[in-house]
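Heads up: the structure comes next, in structure tokens.
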Amino acid sequence: MTKQFSSKLLLVALSLSVSGCAIFQPKAKKAPAGTTESAAPKDKNGIKPYNQVITKNAKSDPGLFTVHKIDETYFYEIPDSLFNREMLTVTRIAKTATGIGFGGGKQNTEVHKWERKNNTILLRTVSHEIYAADSLPIHEAVVNSNFEPIVQSFGIKAIKKDSVSTNYVIEVTDLYTKDVMTLGLPDRARKQYKVTRLDDSRSYIDTIRSYPENIEIRHVKTYNAGEPPSNASTGSISLEFSNSMILLPKIPMERRYFDQRVGWFARGQTDYGLPNQEAKTVRYLDRWRLEVKDEDIEKFKRGELVEPKKQIVYYVDRATPKQWVPFIKQGIEDWQVAFEAAGFKNAIIAKDPPTKAEDPDWSPEDVRYSVVRYLASPIPNANGPHVSDPRSGEILESDINWYHNVMTLLRNWFFVQTAAINEDARGVQFKDETMGRLIRFVSSHEVGHTLGLPHNMGSSVAYPVEKLRDPAFTKEFGTAPSIMDYARFNYIAQPGDGDVALMPEIGVYDKYSIAWGYRPILDKYGKAEKPVLDQWILEHAGDPMYRFGRQQGGVIDPSSQTEDLGDDAMLASQYGIANLKRIVPNLVEWTAEDGKNYDDLETMYGQVLGQYNRYMGHVAANIGGVYEIYKAYDQEGAVYTHVDTETQKKAMNFLQKELFETPEWLIDQDIFNKIEFDGNMERVRGFQERTLANILDFGRMARLIENSEINGRNAYSLINMMTDVRTGIWSELNRGGAIDTYRRNLQRAYLSRMEYLMTEEQPSRSGWGSAGSRIDVAQSDIRPVVRGELTNLQRNIRSAVNRTSDQLTRYHLQDALKRIDLILDPIAKG
């Protein structure tokens, strides 16, 4: 459920960002309806009287500043008090074409400010990437090297003065209808879809609304594109963008500085004012401003719980189906126990929004309100982004996007992971109480993201596998110390274990991390807090229940994986497979309904296969794995340690037994004859081939080589691993018996992978999933070892080929010999 990054921030960035492509010389335009150029006297700078510009037929919307609409022309009336005030602009896709992200997906985030320069109003981009306190001499150098680019300039159309302020009127239509990249489709998407230009004739502003602390813009843009992802015959892409412009606090919140030992969403800034003899990046947390009321400070010091000056309030969208509202609210308020650990009571609460009759102006677009927004979408997901002040990390608001089809995802997970022991999960239509409990679980998880917490994939490894079969233990601790792990549901518990917990709740780690990030340290701020924060970490150092393990793009640390449970991947997966073996024979019955086709049977069988594949991935990660346990200088021990040899051998033996020996329990003809006319052989081959490629991976081999160099004979070496793979996959050679179709397919997949290792280089990696170990394959031990293994295999096949009486097996072995010859002597291919 993704982690993965913020819906409201995206709306804001779209709202105000404008590219350098903007036109700086204001164009002459037709006068708005109700005026004539000749009748409108101007001063020498072209500024008209206010009532000649904002005429009686203008539709005006007061708020942060007043928005005026006259026909299809839009004006901003900006008070001088807002000049040079920083505003956060988030750009999101509000409505999307098929194949281009999802509704709510953030495209850009920037800080802007309005500035008056003579008779022109400038919209400038403000960067907080570099910094020095204004009291330091170096501050001037930072300012000079951080000149604020002008997004767009606007001629002043009119000026209105009163006793409070002077207001300046500008026309902003072009800001949202022309091709301003920071407020529209980003460059990466333009390149992907080969966008050539914006088509003005098919682009327009839908709405601009003003609220007390933000401006919300919706506009449609149509781009001519060479490779649109859908509706290719049109040669174009049309998207509705949402731009949010949010006024940032005049006085930024005090920062709390980041520590990688406690998982947190954070932002960075290069601070040139530090005494370090280098430019240093400092990172600080994204968090809500929770403060102790002045009258409660003594109570707080005595350890009494106090209510914060301002609570975190979530409203549940009026569009949410009524039966799910109580469960979403419970998921929000489940976090109260974590904030109690931080010293606050009632710190986070859930509310119903006012009805239209009670407050016709209430809107989820208003930045003062954080809302769980229910979206009628086929996307099977939910996400919890937030909008935060880049100067301090203060979370200003958050909207959780709740897609209707998240229920399908929950049903599938709960079915495949618990149906063997849980009658409530047996079927494709759950009772409301069952689905409601699942919705509460997801609500809690997503709210955790909005509080500043990322996924903690190292949490679930804290519990011994056998404890997850213990009703008393799981009732007290749930299935993982953190609901922010992807621990999902208890696939380890077996029939007869009793009333075990099936899912995580707000756990020990969640309470600890919220306390670490939110508990006020009275009379200390910023860097002065660090000794106290460090001590809070050291109090639990070495306790796996308090460990943070980051989410990995490519798994190197097997103790920080998604979708896993327990401290032993092999034992946990063995229990999981035992439960899948109980589910498969019942799939037809548990998905049956008179008059219905077999689509649900096919879906649920696919879920079984997917869960089985996850178990293989959990186990394979141990081979060549390296544990990553974050530490500081005042803690003993290594941060990175290789997985021990016994565990790696155990993982290899598991894969040989549960995957490479044909998993016949998955081959159920009673299922196949209802969902497909062929394909089960290729399905099994695909599973085996993917895991084989995962094991025989250049990066994994690099870590095995390094492990041998560091730990010598105590290491599970590359030769050990390669020998175990070969002897397991080709075990029939020692017996001289027939080799069945599934095993022949696997053995050919093995030869194909060995050819890959001999001929290809490690692919370049970029982006989020780029984690991995780099190695120069041609200059490493990899190819000599592969060549040696193929030579050994060649010798074994020659000895076995004449011992078998099965003709197809003999042909297969003869073919294998020829393939090996061609790998070892590629010149023969010519």
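The values are calculated or read from the model by the stated rules, or taken from the named source; none is laboratory data. This one's a predicted model, so the numbers in the text were calculated from it and none came from an experiment. All Cβ positions, glycine included, derive from the backbone under ideal geometry; neighbour counts span all protein chains shown.
If the condition is being within 15 Å of V785 (Cα to Cα), part of a helix (DSSP H, G or I) and within 35 Å of the chain's Cα centre (by Cα), then region 700-717 contributes R700, M701, A702, R703, L704, I705, E706.
T2 satisfies every condition listed in (1) in a loop (DSSP other than H, G, I, E, B); (2) modelled with pLDDT under 50; (3) crowded, with 16+ Cβ neighbours inside 10 Å except (3). Residues in region 461-498 that are aliphatic (A, V, I, L, M) and farther than 25 Å from N613 by Cα: A472 only.
Filtering region 246-265 to residues that are hydrophobic (A, V, I, L, M, F, W, C) and in contact with a Pro (Cβ under 9 Å, 6 or more places away or on another chain) leaves L247, L248, W264, F265. Each residue in region 600-622 was checked for being crowded, with 16+ Cβ neighbours inside 10 Å, polar (S, T, N, Q) and part of a helix (DSSP H, G or I), and 3 of them qualify.
Of the set (1) in a helix (DSSP H, G or I); (2) modelled with pLDDT under 95; (3) of a type in the set (K, R), all apply to K581 but (2). Considering only residues in region 412-447 that are aromatic (F, W, Y) and closer than 21 Å to G384 by Cα, the one that is surrounded by the fewest Cβ atoms within 10 Å (Cβ to Cβ) turns out to be W413. Checked against the criterion of being in contact with an Asp or Glu (Cβ under 7 Å, 6 or more places away or on another chain) and on the phi < 0 side of the Ramachandran plot, the candidates L733, L704, L659, L718 yield just one match: L718. Only residues that are over 17 Å from F441 (Cα atoms), of a type in the set (A, V, I, L, M) and not in a loop (DSSP other than H, G, I, E, B): list them for region 303-327, please. The answer is V306, I312, V313. Scanning region 412-438 for residues that are among the β-branched types (V, I, T) and at pLDDT 95 or above, we see that the one that is farthest from the chain's Cα centre (by Cα) is I421. For region 471-498, filtering for residues that are modelled with pLDDT under 95 and of a type in the set (A, V, I, L, M) leaves 1.
Hey, could you check region 641-699 for residues that are in a helix (DSSP H, G or I) and of a type in the set (S, T, Y) and say which is nearest to V786 (Cα to Cα)?
T691
Looking across region 77-93, the residues that are within 36 Å of the chain's Cα centre (by Cα) and crowded, with 22+ Cβ neighbours inside 10 Å come down to M87, L88, T89, V90, T91, R92, I93. The residue of region 466-513 that is nearest to R550 (Cα to Cα), among those that are among the charged types (D, E, K, R) and surrounded by 24 or more Cβ atoms within 10 Å (Cβ to Cβ), is D485.
Could you tell me whether region 543-554 includes any residue that is surrounded by fewer than 18 Cβ atoms within 10 Å (Cβ to Cβ), over 30 Å from F698 (Cβ atoms) and in contact with a strand residue (DSSP E or B) (Cβ under 8 Å, 6 or more places away or on another chain)? Looking through region 543-554, none of the residues is surrounded by fewer than 18 Cβ atoms within 10 Å (Cβ to Cβ), over 30 Å from F698 (Cβ atoms) and in contact with a strand residue (DSSP E or B) (Cβ under 8 Å, 6 or more places away or on another chain).
Matching residues to (1) at pLDDT 90 or above; (2) within 20 Å of L655 (Cβ to Cβ); (3) not hydrophobic (A, V, I, L, M, F, W, C):
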site	(1), (2), (3)
L718	yes, yes, no
M721	yes, yes, no
N734	no, yes, yes
R743	yes, yes, yes
A749	yes, yes, no
R753	yes, yes, yes
Q762	no, no, yes
S770	no, no, yes
V777	yes, no, no
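Of the residues that make up region 483-492, is at least one assigned by TED's automatic domain parsing to the domain that holds F548, small (G, A, S), touching a Phe, Trp or Tyr at 6+ places or on another chain (Cβ under 6 Å) and under 27 Å from T450 (Cβ atoms)? Within region 483-492 (the criterion being assigned by TED's automatic domain parsing to the domain that holds F548, small (G, A, S), touching a Phe, Trp or Tyr at 6+ places or on another chain (Cβ under 6 Å) and under 27 Å from T450 (Cβ atoms)), the answer is no, since none of the residues qualifies. The set of residues in region 493-511 being more than 28 Å from G542 (Cβ to Cβ) and touching a Phe, Trp or Tyr at 6+ places or on another chain (Cβ under 7 Å) consists of Q494, L502.
Candidates are the residues of region 623-682 that are more than 34 Å from the chain's Cα centre (by Cα) and among the aromatic types (F, W, Y); the one that is surrounded by the fewest Cβ atoms within 10 Å (Cβ to Cβ) is F677.
With the structure loaded, tell me whether I208 is under 18 Å from D361 (Cβ atoms), among the aliphatic types (A, V, I, L, M) and in contact with an Asp or Glu (Cβ under 8 Å, 6 or more places away or on another chain) or whether it fails that test. When the stated conditions are applied, I208 passes them. When S392 is tested against (1) more than 30 Å from E304 (Cα to Cα); (2) part of a loop (DSSP other than H, G, I, E, B), just one condition goes unmet, and that condition is (1).
Just one of K221, K178, K194 is basic (K, R), outside the structural domain of T450 (by TED's automatic domain parsing) and surrounded by fewer than 15 Cβ atoms within 10 Å (Cβ to Cβ); which is it? Just a single option satisfies the conditions, and that option is K194.
If you go through region 87-109 and keep only what is within 16 Å of V180 (Cβ to Cβ) and at pLDDT below 90, you end up with V90, T91, R92, I93, Q107, N108, T109. For region 328-372, a residue qualifies if it is part of a strand (DSSP E or B) and surrounded by 18 or more Cβ atoms within 10 Å (Cβ to Cβ), and the qualifying residues are F344, I348, A350, S370, V371, V372. Residues of region 539-562 that are modelled with pLDDT of 95 or more and either charged (D, E, K, R) or not in a loop (DSSP other than H, G, I, E, B) (or both): E539, D543, P544, M545, Y546, R547, D557. Considering the conditions (1) surrounded by fewer than 16 Cβ atoms within 10 Å (Cβ to Cβ); (2) farther than 29 Å from D776 by Cβ; (3) of a type in the set (D, E, K, R), E732 is excluded by exactly one of them, (1). Here region 518-527 is the region considered, the condition is being outside any loop (DSSP other than H, G, I, E, B) and at pLDDT below 95, and the residue that is farthest from K310 (Cα to Cα) is K527.
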